[in-house]
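Written out below as structure tokens is the structure these notes cover.
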Amino acid sequence: MANLDDLYREIILDHYRSPRNRGELVEATSRTEGFNPLCGDELVIYLIVRDGVLEDIKLTGHGCSISQASSSMMSSAVKGKRLEDVRHVIDRFKTMMTLHDDGTADAPAPEPDLRSDGELAALAGVVKFPVRIKCATLAWNTLAQALDEATA
Amino acid sequence: MSSFDPRRVRIDTPVFSRVINDRPIVYLDSASSTLPPRPVIEAMDRYYSGHHANVHRGVYQTANEATDIYEGARRDVGHFIGAPDPRHEIVFTKNTTESFNLLARSWGAATLRPGDVVLVTEMEHHANIVPWFQLQAERGIEVRFVPVRDDFRLDLTDLDRLLAGVKLFSFTAMSNVLGTRNPVAELVAAAHAHGALAAVDAAQSVGHQPTDVGAWDADFVCFSAHKMLGPTGLGIFWARADLLEAMPPFLGGGGMIADVRTDGFVPAHGPTRFEAGTPPIAEAAGLRAAVRYLTGLGLDEVSRYEHELTELALELLASGVGDRVRVIGPADAVDRGGVFSLDVEGVHPHDVAQVLDQFGVCVRPGHHCAKPLMRRFGLAATARASLGPYSLRSDLDVLVEALLAAIKLFG
């Protein structure tokens, strides 16, 4: 039986209660919306991308604790990074959230140079609750789309 | 509590033997789908084991038996809702949603002209909104909404003005989000006074209170077998016989024709005109058993019992969980069914439902296919608990315990 503590880790609840990088960016170079029509989650990501660097990121929207915490942790993890590093983090996160056909998931690869790696690993428990995976990935899919648009 | 015994229903319902997360299942999602009692399951099993054959075709023994079962279900469900002539009034569909699509695509497309108005309410399920918007896009009809008041009841002060130019007033007997029961006969009479027809969404009410389409004086009624202890995959569309006879077929194919030539076809008479292809025969057998079972319980008794439980639930939710739980629906049990949409301050409905699952409690998070209503109250979603004839006071106690745990977890 999947334990609720695997899902609602303290660091996740902390990000839910005190989300980082909330708000709009007036000088944003891109604004991208993400939706989860089944649960009604909505997210807007504002980015400032300059010279191949994600200089700033802010988020607005609403959703469950998992989607809100995931987007907050994501914003901390990617802010100030070079775009290729941002894409790398996105890929790693999406791999962590991938459930194989046999129901097993990949453990997150340790990567000590990522400042927020420990925090992101807290979301690994979400894969034990398959219906919640889409809550955790909404922000990341939206960010990937935002980067595609920003660099198109 | 009344003489009705929900424990008997519980014993009859196999799903209640399930254990979820080491706790007995607490099923509070009957507004999504009710749990079938053993007689319903056995009726379908008996049909497949002893009688299965296609209907309306064969001359052999079991084919006739299958036809009798299927047509018997049409008759029995018709009598169950007070239909004067089920053989000419009941159409079997896939679900309530398909029943409304049949109404819109057949009656609506044949009758409505550009500028004609269909009046619905703000508390409708998408099934009674989207088909009308589809006709709006294709045929230029107008879709109008009766607003919902802050006390979660229909605002009928401007009903006469809203009914001007209306050809059909289509509304729910009971909201699947709020639990509000609407004054069906009064609304039908208002529609008729303005020369409009009236369609009733009875999906949420039919398994919980007596239904009499004659007393309602309705023209169309839509509901589903699986919300009245029956199986999934079977919806019911009732129409006044004269209206149904004038409606053109909606789906074409086998079973719905009187004749087919190389230059065209002639549709069959009666309800089978709308039942193209092999119909859900086993499900009809299940529905028939559900009707018999509910009749045995007595819908008056079920209604009285659920009303008492609703009063208790409203009391518990108002006092037993602090002030952070808001019921999005009428605060008193008058003209109200056992549906409780909960807004828990600081805890998203999805998270509420997740914590409740740890206690074996089944509730539904989301917008409940009623986004205009959710928007009206500034909500994206609620966590909805709902009652059935098998619900017990102890279910409500576990619900309260689990809600307190959710509130505690999220601080």
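The table for this structure:
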quantity	calculated
Total accessible area lost when B and A pair, probe 1.4 Å, Å² to nearest 100	1500
Share of Cα-Cα pairs in segment B:1-74 lying beyond 16 Å, as whole percent	65
Where only C-alpha atoms are counted, convex hull volume of segment B:74-171 per residue in Å³	126
Buried on assembly, segment A:21-41 (at least 30 Å² less accessible surface than by itself, 1.4 Å probe)	A:39
Debye log10 I(q)/I(0) at q = 0.06, 0.07, 0.08, 0.11 Å⁻¹ for the protein assembly as shown, Cα point scatterers	-0.36, -0.49, -0.64, -1.07
Within 10 Å of each Cβ in B:59-68, the average number of Cβ atoms from other chains	0
Distance (nanometres) between label positions extended 7 Å along Cα→Cβ at residue A:88 and residue A:22	3.2
Hydrodynamic radius (Kirkwood) for segment B:41-296, which is based on Cα pairs only, to one decimal in Å	18.8
Within the protein assembly as shown, percent of DSSP bridges classed antiparallel, to nearest 5	70
Segments B:167-179, B:150-162 sorted - mean Cβ within 10 Å per residue, highest first	B:167-179, B:150-162
Peptide-level mean, for A:13-20, of C-beta atoms on other protein chains within 10 Å	2
Per-bin percent of Cα-Cα distances, segment A:1-46 [10 Å]	21, 33, 36, 9, 2
Out-of-range pairs (alpha-carbon distance over 23 Å; input A:58/A:81; A:58/B:408; A:79/A:128; A:81/A:128; A:58/A:94)	A:58/B:408; A:79/A:128; A:81/A:128
Rg to Rh quotient for segment A:32-77, alpha carbon positions, Kirkwood Rh	1.03
Set of aspartates and glutamates near residue A:134 by C-alpha distance (under 13 Å), chain-local residues within fewer than 8 positions excluded	A:41, A:42
Among beta bridges that DSSP assigns inside segment B:41-296, antiparallel share in %, nearest 5	50
Alpha-carbon centroid distance for the pair segment B:118-148 / segment B:6-32, whole angstrom	36
Dipole magnitude of the protein assembly as shown about its Cα centre (Cβ charges: Lys, Arg +1; Asp, Glu -1), debye to nearest 20	300
Eligible lysines near residue B:94 by straight Cα distance, threshold 28 Å, same-chain separation 8 or greater	B:167, B:227, B:371
Residue-averaged [θ]222 nm for the protein assembly as shown, counting only DSSP H segments that reach four residues, each worth -39500 (n - 2.57)	-11500 deg cm²/dmol
Under-5 Å amide H pairs with residue A:41, H placed in peptide plane, nonlocal only	A:36
Tail beyond 22 Å, pair distance distribution of segment B:129-212 (Cα, percent)	28
Protein accessible area in segment B:83-182, 1.4 Å probe - carbon and sulfur %	49
Centroid-to-centroid separation of segment A:25-90 and segment B:156-218 [C-alpha atoms, Å]	46
Heavy-atom accessible area per residue - the protein assembly as shown, 1.4 Å, Å²	40
Per-selection metrics, segment B:1-133 (Cα): Rg and Dmax in Å	20.1, 58
List of segment A:49-83 residues, accessible area with partners at least 20 Å² below that of the chain alone (1.4 Å probe)	A:62, A:64
Percent accessible area from carbon and sulfur atoms, segment B:211-359, protein chains only, probe 1.4 Å	52
Those residues of segment B:363-377 for which accessible area with every protein chain present is at least 10 Å² below the isolated value (1.4 Å probe)	B:366, B:367, B:371
Per residue, the convex hull volume that the Cα atoms of chain A enclose (Å³)	111
Accessible-area composition of chain A, carbon plus sulfur, in percent [1.4 Å probe]	51
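The values are calculated or read from the model by the stated rules, or taken from the named source; none is laboratory data. Model, not experiment: these values are computed from the prediction. Quick reminder, even Gly has a Cβ in these numbers, built from the backbone with ideal geometry, and neighbours come from all protein chains shown. Only protein heavy atoms, including side chains, enter the accessible area calculation; ligands, DNA and RNA are left aside. Shrake-Rupley method; radii C 1.70, N 1.55, O 1.52, S 1.80 Å.
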